[in-house]
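The values are calculated or read from the model by the stated rules, or taken from the named source; none is laboratory data. Note that the structure is a prediction, hence the values are computed from the model and not measured. A quick note on method: Cβ atoms are made from the backbone with ideal geometry, for glycine too, and the neighbour counts reach across all protein chains shown.
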Amino acid sequence: GKVTDMEGKISNYQRKVQTVAQENESLKASVAKSRQKEAQMTSDLQELHTQLRYRVPGNMQRVDYYVKMGVVAWERGNIRVFCRVRPLQAGGQSDHIQLPAHDNKALTLAKTEESHIGRSGDTQKSYNFSFDRVFGPSIPQKDVFEEISLLVQSALDGYNVCCFAYGQTGSGKTYTMEGGEMEDMRGVIPRAVQQIFQASKKLREKGWKFTFTASFVEIYNETLRDLLYTGKANKRPEHEIRKSANNEVTVTNLTYQKVNSEDEVCNLIALANQNRSTARTNMNDHSSRSHSVFQLDIEGENSGRDVKCKSSLCLVDLAGSERVQKSQSQGDRFKEMTAINGSLTNLGIVIAALANKESYIPYRNSKLTYLLQSCLGGNSKTLMFVNISPEADSFPETLNSLRFASKVNDCVIGTASANRK
Ligand SMILES: Nc1ncnc2c1ncn2[C@@H]1O[C@H](COP(=O)(O)OP(=O)(O)OP(=O)(O)O)[C@@H](O)[C@H]1O
């Protein structure tokens, strides 16, 4: 009886082993199938990446597909940090900023410190940083823009986009954002405007209609100034930031200028520069101590497809980030520096709060973040340039800027989604 029992058990186990083996085979087949699928998806993705990078602007259907797949081009969260090193004013190469030849995301800041005890000689202290991209001093404007053109494009696809330049005075913020007049010197703002208008022309052929509204604001000492103001200087109105019930931020008495072409926007930028330089003459070095915010509001409609989109493109040249010791600055200058440092610190706090998905985001703690609110939240893509000066005497400020930028780089704000209806 026991033998029969055992035989029964054995054949039972054999059956089970057979079933497990079969299951194993089918799992293997399914793994192989999944691998194949994964390889196909990876290759599809690569193809999409290439197409999006080089695609004809305005290929909306591709973007729809891309977004549907949950693969927003801004892969790593929706904040990116690019570092740009200005060339040395005196020419030549910087001793303390090292850019590895084969890694365009890394940078090392090195400093030789004299030994205090005199015996052991000098010591080298180095600080390593990594960002989404590091642009060395010889990288031209065109190549820098190429890296962000996809981001600019997404403003036409219904995303709020904010790009700002952070760094100490003279580090190249204005050069990066505005640049010079010659074609190859043009910075992010004129190139972005050109791209938007060229792409919108192509979209028009596909049934899209766009309305563009431009505004240009300066924030100085927590006070807003309209850079497109053309009235009498002594009649300048005061401005307040207001938030409507549907969370749209507007500024009272501000010039919101409807624009239809790149040329019209270029004229407005020239007017803003004129307005800024008047202030500069009245107040020494004014522009380094104010933030300037260029905003292009975009409304698109494709009645044939019954789709609407609405977004803003904000391009910001921040005030110089240098810290000033209380002893070195008095009165108005101290007040200014406190306002600047306060608003830049708050910008960092807001980004960190968004990254941590905190329930309260302190937008209202500074005019800058309050104004940029809709471009800095969950439904937006943000790019920060950290501009650095390569001169040895800028070392402490450079380290400070890179540390700030690293903190921002560590933040990942929730995935952006387009404002489509
Ligand atoms: N990448 C670059 N290539 C060539 N020249 C540059 C570059 N970046 C900056 N410069 C030059 O360096 C100088 C300082 O740059 P810029 O005025 O843009 O600094 P900034 O950070 O905007 O200063 P501020 O805060 O005072 O406005 C300018 O003469 C500018 O033309």
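Residue-by-condition table, conditions (1) over 18 Å from the mean Cα position of the chain (by Cα); (2) surrounded by 19 or more Cβ atoms within 10 Å (Cβ to Cβ); (3) at pLDDT below 90; (4) part of a strand (DSSP E or B):
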| position | (1), (2), (3), (4) |
| --- | --- |
| Val67 | yes, yes, yes, no |
| Glu75 | no, no, yes, no |
| Gln89 | yes, no, yes, no |
| His116 | yes, no, yes, no |
| Glu146 | no, no, no, no |
| Val152 | no, yes, no, no |
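Determine whether region 124-135 contains at least one residue that is modelled with pLDDT of 95 or more, within 12 Å of the ligand (Cβ to nearest atom) and out of contact with any Phe, Trp or Tyr (no Cβ under 6 Å at 6 or more places or on another chain). Yes - at least one qualifying residue is present in region 124-135.
If the condition is being out of contact with any Cys (no Cβ under 9 Å at 6 or more places or on another chain), buried (at least 20 other Cβ atoms within 10 Å of the Cβ) and not basic (Lys, Arg), then region 160-173 contributes Ala165, Tyr166, Gly167, Gln168, Ser171, Gly172. Filtered by the rule that a residue be out of contact with any Lys or Arg (no Cβ under 8 Å at 6 or more places or on another chain) and within 16 Å of the ligand (Cβ to nearest atom), region 374-406 gives Glu391, Asp393, Ser394, Thr398, Ser401, Leu402, Phe404, Ala405.
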